[in-house]
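Comments concern the structure below.
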Amino acid sequence: MTQNLPEIPDTLVNVDVIGYSNFLVNTGATGTKFLKEIRDNKKIMGIKCPSCGKVYVPPRLHCPTCFARMSEWVKLSGKGSLTSYTVVRYEEPYLPKQPPFAYGIIQMDSADTGMAHFLGEVDLDKIKIGMRLEPVFKEEREGSILDIDYFKPSS
Amino acid sequence: MTTEQKQDPEFIQFRYPRDVTYHHALGYQSKFANGLKQGRILATKCPVDGRCTIPPRIVCPMHHVRQTEWVDQGQRGRLISAFKINFPMFNSRTGELQTWENPIIAVELEGGARMDGWCMETDTSKLKTGMLLEAVWRPEEERQGRADDIMYWKPIEE
C-alpha cells in the first residue's frame, strides 16, 4: 500500500463549498417590546438597570455590569449625538443599502449606551462626531430595527 | 417617562437566510481531490515516522517536516468509533432541519491514515470497533473531489 502514485494529477482544484443558513431569530420579550414600540408608536425605548441606573438602548434583559434583571422601560426622545461612524463605499452581498452609505453609533439623550444605525440625508464628507441626529421611520413598519430608516441631522 | 413591562402575547421572530457558498482553492490538497475523483483515497506520509494523514498536509503536524510522499490508502478500513445523531440538525447546505439516519464513523484505512465518513449500516448495535468496512463511492460522473464522494462505508464479511 505504500507505492507512489504519479498517475494522480497535481492539477489544482477549486471546489464550491455550498452553505446556506436560515436562522430563526427570536427577539424575546425585551426585544419584542422594543421593536413593537418602534413599529406601532415610532418610539425608541431604553431599559434602566435598577442597580446601577444605566439606561440601555437597544434594551436587554440583564445589566451586563451588575447582572441585575431589568424591567423599567424608559421612553426616549429618539434624538441623540453621533459618537462614531464609518462610510461603506464598496458593495458586497447582504448589505442592507446600496453603497455609499454611512453607519453610525448614536448616543441617545437619556441613555448610557450607543445604538448603531444608518445615517441619512447627510453629505458623507460632512459627517462630524458629536452632530445631533434624529430618527426617520419608515412608512410601512414590520417589527424590525430597519423600521427606523436612518438617522438624519437634527434641526 | 417610564412604563412597566407587562406580559405580551406577541413575540417577534424573523428569519435570517444567508447563502454562504464560497470558492475554496484546495492548493496542495488538490491531489487528494483528484484522487477522490478517480475513486482513490490518498494520504500524505511523514518521512520521519511514516504516519499518514487525511486530509493531507504539506507539513507533518508532529515533526514539522515537509511531506512529499503520497500513499494510496486502499478501499477498506477498520471501524474506530461511531456515533449517531438522534435529533434534527440544520443541514448547512440547505439551511433546513434534517434528521440523519446514518452513523458518523472514524475509519482507520489499510494504509494507516484515519478519516471520517458515514456508515451504511444504520443500526448502531450492529457496529463493532475493529470491524472491516469498504468505501461505497458515488458514480464517477457525480464525483467532485470532495470527501462526500465516498457516500458510505459498508460493513463487509472477513
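Can you name every residue in region A:143-155 that is within 16 Å of the chain's Cα centre (by Cα) and touching a residue at least 40 places away in the same chain (Cβ under 8 Å)? Across region A:143-155, the qualifying residues are A:Gly143, A:Ser144, A:Ile145, A:Leu146, A:Asp147, A:Ile148, A:Phe151. A residue that is within 11 Å of chain B (Cβ to nearest Cβ), in contact with a Phe, Trp or Tyr (Cβ under 9 Å, 6 or more places away or on another chain) and either at pLDDT 95 or above or more than 30 Å from B:Cys52 (Cβ to Cβ) (or both) cannot be found anywhere in region A:78-98. Residues in region A:47-60 that are exposed (fewer than 14 other Cβ atoms within 10 Å of the Cβ) and either under 16 Å from A:Gly31 (Cβ atoms) or of a type in the set (A, V, I, L, M, F, W, C) (or both): A:Cys52 alone. Among the residues of region B:13-32, at least one is within 30 Å of A:Ser110 (Cα to Cα), within 11 Å of chain A (Cβ to nearest Cβ) and not hydrophobic (A, V, I, L, M, F, W, C).
Residues are listed down the side, and each one gets a yes or a no for (1) polar (S, T, N, Q); (2) over 25 Å from B:Val107 (Cβ atoms); (3) part of a loop (DSSP other than H, G, I, E, B):
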| position | (1), (2), (3) |
| --- | --- |
| B:Gln29 | yes, no, no |
| B:Asn34 | yes, no, no |
| B:Arg40 | no, no, yes |
| B:Ala43 | no, no, no |
| B:Asp49 | no, no, yes |
| B:Trp70 | no, no, no |
| B:Gly77 | no, no, no |
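Kindly evaluate B:Pro55 against the criterion of being within 13 Å of another protein chain (Cβ to nearest Cβ), part of a loop (DSSP other than H, G, I, E, B) and in contact with a helix residue (DSSP H, G or I) (Cβ under 7 Å, 6 or more places away or on another chain). The answer is yes for B:Pro55. Residues in region A:104-146 that are of a type in the set (Asp, Glu), farther than 21 Å from A:Val87 by Cα and in contact with a strand residue (DSSP E or B) (Cβ under 7 Å, 6 or more places away or on another chain): 2 in all.
Scan region B:67-93 for residues that are in contact with a helix residue (DSSP H, G or I) (Cβ under 7 Å, 6 or more places away or on another chain) and more than 7 Å from every other protein chain (Cβ to nearest Cβ) and report the count. Going through region B:67-93 one residue at a time, the tally reaches 2.
Here is a yes/no grid of residues against (1) surrounded by 15 or more Cβ atoms within 10 Å (Cβ to Cβ); (2) at pLDDT 95 or above:
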position	(1), (2)
B:Lys37	yes, no
B:Lys45	yes, yes
B:Val48	no, yes
B:Cys52	yes, yes
B:Cys60	yes, no
B:Val65	no, yes
B:Gln75	yes, yes
B:Ile80	no, yes
B:Lys84	yes, no
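Regarding region B:132-152, can at least one residue be identified that is of a type in the set (S, T, N, Q), at pLDDT below 95 and closer than 19 Å to B:Gln29 by Cα? The answer is yes, given that some residue of region B:132-152 is of a type in the set (S, T, N, Q), at pLDDT below 95 and closer than 19 Å to B:Gln29 by Cα.
Here A:Val57, A:Val136, A:Val74 are screened, and the one residue that is hydrophobic (A, V, I, L, M, F, W, C), within 23 Å of B:Ile12 (Cα to Cα) and over 16 Å from the mean Cα position of the chain (by Cα) is A:Val74.
For region B:79-110, give me each residue that is assigned to a loop (DSSP other than H, G, I, E, B) and over 24 Å from B:Ala33 (Cβ atoms).
B:Lys84, B:Ile85, B:Asn86, B:Phe87, B:Pro88, B:Gly95, B:Glu96, B:Thr99, B:Trp100, B:Glu101, B:Pro103
Scanning region B:58-68 for residues that are aliphatic (A, V, I, L, M), farther than 19 Å from B:Ala147 by Cβ and part of a loop (DSSP other than H, G, I, E, B) yields B:Met62, B:Val65. Among the residues of region A:106-131, the ones that are surrounded by fewer than 15 Cβ atoms within 10 Å (Cβ to Cβ) and of a type outside the set (Asp, Glu) come to 6 in all.
Residues that are surrounded by 13 or more Cβ atoms within 10 Å (Cβ to Cβ), within 14 Å of chain A (Cβ to nearest Cβ) and small (Gly, Ala, Ser): does region B:140-158 have at least one? The answer is yes; a qualifying residue exists.
The values are calculated or read from the model by the stated rules, or taken from the named source; none is laboratory data. Remember, predicted model here, so these are calculated numbers, not experimental data. We place every Cβ from the backbone using ideal geometry, glycine too, and count neighbours over all the protein chains shown.
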